[in-house]
Amino acid sequence: MVRIFLTGYMGAGKTTIGKSLSRRMNLTYYDTDHFIENRYRRKVGEIFALEGEDRFRELERRVLLELSEFEDVVIATGGGMPCFNGNIDVMNRAGTTVYLKIPARELASRLESAKSARPLLQNRSGDGLLDFVNEALEQRRPFYEKAKIIFDAARMYTEADVERLAAKLQDAISALASATPVREYTAPVREYAAPVREYATPVREYATSVPGDAPPV
C-alpha cells in the first residue's frame, strides 16, 4: 500500500512530476484541485470568488480525508493545502509526503504567464509578483518543511528534465521506505458525513502538460 502526497507552492511542478512519478511506479494519479472541481462541479476560482477562501479550505479538508483512504496513489495537493486545518499532519500519518522546493524567483517566472487560472495571483506581476511569492513562501515554509522528503525540483524545462527528476524522487521515496519501519495506518475520523453523489469517479489521468508550453502546476 502506497500513498504519496506532493506538496509545494503554485508552479512547483506537482502535476507534471506527479504524473510522471505515477507512471513510473504504476500508481493512480490524483490532483486535489481537479478532484474538488469534479466533485462540486465548480472551478477552484469560482469557489474562491463566490464562496470565499474559508469555504474552499473546508472542501479541501473533506477531499483530503477521502483521498487519504485511497491506496497506491500519487496525490498532487493544492499549494495551500498543507498549511490549513492540520492537513500536513493528516498527510504525514497517511503516507509519504514530499515538498517540491523551488526558489521564489523561479516560481515567480513560472507563474507570470499562468496568473489567469490562479485566483491568488490576480493583478500581480513583475516585482510585485515576486514579493508576493516570497512572502507566501515564508509563511508556508514551516508547514512545507514538515514533509518527510524535501526535494529540489528546480531546473525543470524539458520532458527529459521531468523524467530525470521523477526518477530521482522515486529513488528517494524507495530509500525512505526501506529505512522506515512499516506502521499500520489508521484512517482519520471524518469530520463530515460523506454526501451521496451520482457524479462519475474522477478521471485517473488528466492531460499531461508539456514542459515549455506552460508552467507546471
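One table, with the values for the structure above:
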read-out	value
Given (1) open to solvent by 80 Å² or more (accessible area, probe 1.4 Å); (2) among the aromatic types (Phe, Trp, Tyr); (3) modelled with pLDDT of 95 or more, number of the condition Tyr157 does not satisfy	(3)
Ala76 vs. criteria of a type outside the set (Val, Ile, Thr), open to solvent by less than 20 Å² (accessible area, probe 1.4 Å), in contact with a Lys or Arg (Cβ under 7 Å, 6 or more places away or on another chain) and closer than 17 Å to Asn38 by Cβ	yes
The lone exception for Asn87 - which of (1) more than 11 Å from the chain's Cα centre (by Cα); (2) open to solvent by less than 10 Å² (accessible area, probe 1.4 Å); (3) on the phi > 0 side of the Ramachandran plot it fails	(3)
Residue list for region 38-67, filter: free of Cβ contacts under 8 Å to residues at least 60 places away in the same chain and open to solvent by 40 Å² or more (accessible area, probe 1.4 Å)	Tyr40, Arg42, Lys43, Glu46, Leu50, Glu51, Glu53, Asp54, Arg55, Glu58
Residue, nearest to Thr7 (Cα to Cα), within region 140-169, restricted to residues that are over 17 Å from the mean Cα position of the chain (by Cα) and not charged (D, E, K, R)	Ala167
So Val98, is it more than 24 Å from Arg141 (Cβ to Cβ) and touching a Gly at 6+ places or on another chain (Cβ under 9 Å)	no
Leu129 vs. criteria at pLDDT below 90 and either assigned to a helix (DSSP H, G or I) or open to solvent by 80 Å² or more (accessible area, probe 1.4 Å) (or both)	yes
Any hit, region 112-126, residues being more than 16 Å from Thr7 (Cβ to Cβ), out of contact with any Ser or Thr (no Cβ under 7 Å at 6 or more places or on another chain) and either acidic (Asp, Glu) or at pLDDT 85 or above (or both)	no
Complete set of residues in region 1-37 that are among the charged types (D, E, K, R) and either closer than 28 Å to Glu135 by Cα or open to solvent by 10 Å² or more (accessible area, probe 1.4 Å) (or both)	Arg3, Lys14, Arg23, Arg24, Asp31, Asp33, Glu37
Hey, Phe70 more than 24 Å from Ser113 (Cα to Cα), of a type in the set (Phe, Trp, Tyr) and either in contact with a Leu (Cβ under 8 Å, 6 or more places away or on another chain) or in contact (Cβ under 8 Å) with a residue 60 or more places away in the chain (or both) or not	yes
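Conditions (1) in a strand (DSSP E or B); (2) modelled with pLDDT of 95 or more; (3) touching a helix residue (DSSP H, G or I) at 6+ places or on another chain (Cβ under 6 Å), marked per residue:
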| position | (1), (2), (3) |
| --- | --- |
| Leu64 | no, yes, yes |
| Glu71 | no, yes, no |
| Ile75 | yes, yes, yes |
| Pro82 | no, yes, yes |
| Asp89 | no, yes, no |
| Asn92 | no, yes, no |
| Val98 | yes, yes, no |
| Glu106 | no, no, no |
| Ser109 | no, no, no |
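The values are calculated or read from the model by the stated rules, or taken from the named source; none is laboratory data. This structure is a prediction, so every number in the text was calculated from the model and none was measured. Note: ideal-geometry Cβ built from the backbone for every residue, glycine included; neighbour counts use all protein chains shown. Please note that ligands, DNA and RNA were not included when accessible areas were found on the heavy atoms of the full protein model with its side chains. Shrake-Rupley method; radii C 1.70, N 1.55, O 1.52, S 1.80 Å.
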